[in-house]
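Novice: Below is the structure I would like to discuss, written out as structure tokens.
Coordinate-derived values only; no laboratory data. Since the model is a prediction, treat every value here as computed from it, not as a measurement. No Cβ is skipped: glycine too gets one built from the backbone with ideal geometry, and neighbour counts run over all protein chains shown.
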Amino acid sequence: MNRILSAKSILEVRNIKTQSIFWGFLLLFLTLSLVLTVTVNDFTTQFTNSVAIYIFMAISSYVLIGKNFNYCIHFGLTRGEFMTASILSRVQNVIVMALINIIILVSVNQILTSFSIEHFNIFSWSSIFTDHSLIVTNMWIDFCVGILVSSAAMLSGALYYKWGLVGPISVIVVLILATSLPFIRSNLFDFFERVYSEQALASFGWLLIVSIVLWACTYLLLNRVDLKRE
Amino acid sequence: MTVVQMKNVSKKIKNHMILDNLNFDFEENQIVGFLGKNGSGKTSLMKIIAGEWSSTSGQVYVNDQKPFNNKKVLAKVCFIQEGNNFPVDMKISKLLKLCRNFYPNWNQEVAESLLELFDLDRTKKIKELSKGMESAVGVMVGISSRCEITIFDEPYIGMDANARKKFYQYLLNDYIEVPRTIIFSTHLIDEVSSLFQKVYVINKGRLLLDIQTDELKEKVYAITGPTKEIEEIKNKFTILEEKHFMGNGEIIVFDQSEKEHVMPENCKRNALNMQDIIVHVTEKGEQIL
């Protein structure tokens with residue numbers, strides 16, 4: 001376990017710094033938008049934290065493989081230990097990001113109510129899934145989507161590590177082609193419609209199962225790969 | 001006990017044969033040198049022993065187990081290459097903490113004394129160090145790990161002569177205190193050759209020689225004398241190089257016979273330094289095979 005935790009700390013060498021920069025910029029933009037909306041009072045602003053978090057998680061998870069796989073294996077870790085450390089690191093990151101996001105959501109909503117600001121909205125999943133509480137809805141959906149995005153980005157990182165750009169680009173092309181097929185598209189649409197109409201938050205659990213499959217694919221891909229020559 | 005065993009090992013990358021049917025093994029607790037020209041396959045061979053690469057065919061055994069992705073083997077191997085050993089954003093102090101968890105035989109006292117010896121500031125990040133300092137960190141980790149198998153692949157890049165001398169001396173003293181298997185690849189052969197008990201000369205992915213260092217020095221030497229007399233004896237040896245000028249000549253020979261040859265009256269046998277031996281052996285390697 002010590003080895004895995006040590007590997008996790010290698011993966012997180014730059015984590016605090018990059019997260020601080022990310023949240024710094026996000027809060028700066030949030031404040032600027034809020035101030036601008038209040039002072040101009042001429043338009044309505046819709047601010048979305050969650051999408052920014054998903055993009056950040058995708059980029060950091062993609063980079064994680066390329067930047068750290070060599071170092072970790074070089075330290076004598078097995079591919080399995082590397083994957084375990086990576087998954088632990090990603091899960092911890094997603095939880096922290098979802099927590100920070102809910103704190104911001106609650107705080108901003110508090111400010112908006114206290115000062116009766118009407119032209120500013122901050123997106124919350126609870127505005128779609130109205131049957132559930134703000135905290136549970138946002139924490140759960142941010143967690144599920146964050147994990148899915150992370151695992152997909154890790155698989156892309158592994159594909160890039162093994163085959164270069166050909167790997168991730170091929171997957172993107174296959175995904176685009178697959179979603180353009182009427183059969184798949186209509187099924188996906190039906191699924192999301194059902195989740196919305198039934199307010200079925202638990203359905204997001206499927207994303208976690210997909211993530212586990214994606215992580216398994218990443219492991220299988222990295223399991224036999226030689227370290228890159230540098 | 002045999003620590004490394006290679007049976008018909010080959011490695012192919014994109015239709016290019018990097019290692020070609022290697023067969024050798026060596027006993028534990030020796031300092032061995034992997035020598036050869038650039039691109040000869042030394043680093044590939046070390047990566048396979050360290051479990052970073054798999055072989056395309058053949059069997060590799062380290063402590064009787066396959067090293068690739070094998071936790072039992074990987075925990076006993078420390079591989080220090082010429083660069084990119086550690087994350088650049090990591091502080092030396094953090095690296096020291098991590099090494100304790102990765103290397104079961106890690107010796108903090110040795111690490112501390114090497115930090116002092118190389119004047120390394122533990123508060124600095126790897127990216128803030130000069131090339132020589134970064135190499136010194138690699139050397140520090142390699143020695144302090146006290147792994148059963150420590151592999152140094154030209155670990156001294158950027159280190160000045162003084163620092164390199166300190167490294168060789170410290171490595172030897174530590175090896176005497178705690179014998180272990182040390183595999184060393186270097187182009188500065190004369191600086192390190194006195195440490196080697198055995199050398200493996202590799203050329204174009206093939207093993208040319210697998211020989212004790214002293215024996216190699218006995219087998220490869222120069223003979224100088226009159227051209228006429230040299231011509232009389234030269235068919236007794238494998239000739240690695242031949243030069244003649246104004247009736248006198250010099251031949252560099254690889255002497256594969258068991259008994260010592262009687263030299264003609266005016267011919268003289270001259271010893272060569274290790275660097276010259278390896279240069280000549282790798283140049284005419286095909287003749288030795």
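Novice: GNM on chain B, C-alpha springs below 10 Å: top fluctuator among B:Ser194, B:Ser40, B:Ser55?
Specialist: B:Ser194
Novice: At a 10 Å Cβ-Cβ cut-off, how would you order A:His74, B:His244, fewest neighbours first? All intermediate terms of the calculation are to be shown ahead of the outcome.
Specialist: On the way: A:His74 20, B:His244 13.
Going from sparsest to densest Cβ surroundings: B:His244, A:His74.
Novice: Here's another thing I want to ask about it. What's the FRET efficiency of B:Leu117 with A:Leu227 using the Cβ-Cβ distance as r and R₀ = 41 Å, to the nearest 0.05?
Specialist: On the way: r = 30 Å, r/R0 = 0.73.
Result of the calculation: an efficiency of 0.85.
Novice: A further question on this structure: Would you please state which residues of the range A:105-133 a label at A:Gln46 would reach in this model, taking the label point 7 Å out along Cα→Cβ and a backbone N cut-off of under 11 Å?
Specialist: A:121-124
Novice: Going by average Cβ density within 10 Å per residue, which order do the peptides B:232-242, A:182-192, B:101-111 take, highest to lowest? Can you show the working numbers first?
Specialist: Working: B:232-242: 15.2, A:182-192: 10.5, B:101-111: 16.7.
Put in order of decreasing packing, that is B:101-111, B:232-242, A:182-192.
Novice: So if we plug the beta-carbon distance of B:Asn70 and A:Leu27 into 1/(1 + (r/R0)^6) with R0 = 45 Å, what FRET efficiency do we get, rounded to 0.05? List each step's numbers first, then the result.
Specialist: Numbers: r = 47 Å, r/R0 = 1.04.
Efficiency, rounded to the nearest 0.05: 0.45.
Novice: Treating only the Cα positions of the protein assembly as shown as identical point scatterers, give the base-10 log of I(q)/I(0) from the Debye formula at each q in 0.09, 0.11 Å⁻¹.
Specialist: Results for the protein assembly as shown at q = 0.09, 0.11 Å⁻¹ read -0.78, -1.01.
Novice: Further, regarding this structure: What does the charge count near A:Asn2 come to, summing +1 for each Lys or Arg and -1 for each Asp or Glu among other residues with Cβ under 12 Å from its Cβ? Spell out each step's value before the answer.
Specialist: Numbers: positive: A:Arg3, A:Lys8, B:Lys97, B:Arg100; negative: A:Glu81.
Surrounding charge for A:Asn2 is +3.
Novice: Using only the Cα atoms of the range A:1-108, construct the convex hull and provide its projected area averaged over every direction, in square nanometres to one decimal. Spell out each step's value before the answer.
Specialist: On the way: hull surface 29.7 nm².
That works out to 7.4 nm², a quarter of the Cα hull's surface.
Novice: What nm value, rounded to one decimal, do you get for the distance between B:Lys243 and B:Glu283 when each label is placed 7 Å out toward the C-beta?
Specialist: 0.9 nm
Novice: With the crude spin-label approximation of a point 7 Å out along Cα→Cβ, what separation in nm comes out for A:Val174 versus B:Asp190?
Specialist: 5.8 nm
Novice: If you average over every viewing direction, what projected area does the convex hull of the Cα atoms of the range B:221-276 give, in nm²?
Specialist: On the way: hull surface 15.3 nm².
Average projection, Cα convex hull of the range B:221-276: 3.8 nm².
Novice: Can you tell me how much longer the chain between B:Gln108 and B:Ser54 gets when fully stretched, taken as 0.36 nm per residue apart minus their C-alpha distance, in nm with one decimal?
Specialist: 16.2 nm
Novice: Please identify the cysteines of the protein assembly as shown that lack any partner cysteine with a Cβ under 4.7 Å from their own Cβ.
Specialist: For the protein assembly as shown, the answer is A:Cys72, A:Cys144, A:Cys217, B:Cys99, B:Cys267, because their Cβ atoms have no other cysteine Cβ under 4.7 Å.
Novice: May I have the extent of the alpha carbons of the range B:2-204 along their three principal axes, as whole Å values ordered from largest to smallest?
Specialist: So the three principal-axis extents are 46, 35, 35 Å.
Novice: Report, in whole Å, the centroid distance computed from the Cα atoms of the range A:186-210 and the range A:17-33.
Specialist: Computed from Cα coordinates, the inter-centre distance equals 31 Å.
Novice: Additional query: Quick one: net charge around B:Lys268, please, counting Lys, Arg +1 and Asp, Glu -1 for every other residue with C-beta under 13 Å from its C-beta.
Specialist: Numbers: positive: B:Arg269; negative: B:Glu229, B:Glu250, B:Glu265.
Neighbourhood net charge equals -2.
Novice: So if I place +1 on the C-beta of Lys and Arg and -1 on the C-beta of Asp and Glu, and nothing else carries charge, what would the dipole magnitude of chain B be about its Cα centre? I want it in debye, nearest 20. Present the calculation step by step, with values, prior to reporting the outcome.
Specialist: Values: 38 positive and 40 negative charges, 270 e Å.
Dipole about the Cα centre, nearest 20: 1300 debye.
Novice: Kindly state, to the nearest 0.05, the FRET efficiency for A:Leu165 paired with B:Glu218, given R0 = 51 Å and r defined as their beta-carbon distance. Walk me through the numbers on the way to the answer.
Specialist: Values: r = 54 Å, r/R0 = 1.06.
Using R0 = 51 Å, I get an efficiency of 0.40.
Novice: Continuing with this model, one more query. Can you compute the modelled spin-label distance between A:Asp131 and B:Lys234, with each label point 7 Å from Cα toward Cβ, in nm?
Specialist: For A:Asp131 paired with B:Lys234, the spin-label model returns 9.6 nm.
Novice: OK, next. Going by average Cβ density within 10 Å per residue, which order do the peptides B:66-73, B:15-22, A:107-114, B:149-156 take, highest to lowest?
Specialist: On the way: B:66-73: 18.4, B:15-22: 16.4, A:107-114: 12.6, B:149-156: 23.0.
Going by the mean number of other Cβ atoms within 10 Å, highest first, we get B:149-156, B:66-73, B:15-22, A:107-114.
Novice: Averaged over peptide B:47-56, how many Cβ atoms belonging to another chain are found within 10 Å of each residue's Cβ? If you can, show how the numbers build up before the last one.
Specialist: Working: counts 4, 1, 0, 4, 4, 7, 4, 3, 0, 0.
Across B:47-56, the average partner-chain Cβ count within 10 Å equals 3.
Novice: Still on this structure, please answer the following. When the convex hull of the Cα atoms of the range A:2-223 is projected onto a plane and the area is averaged over all directions, what value comes out in nm²? Provide the component values of the computation, followed by the final result.
Specialist: On the way: hull surface 56.9 nm².
Projected over every direction and averaged, the Cα hull of the range A:2-223 covers 14.2 nm².
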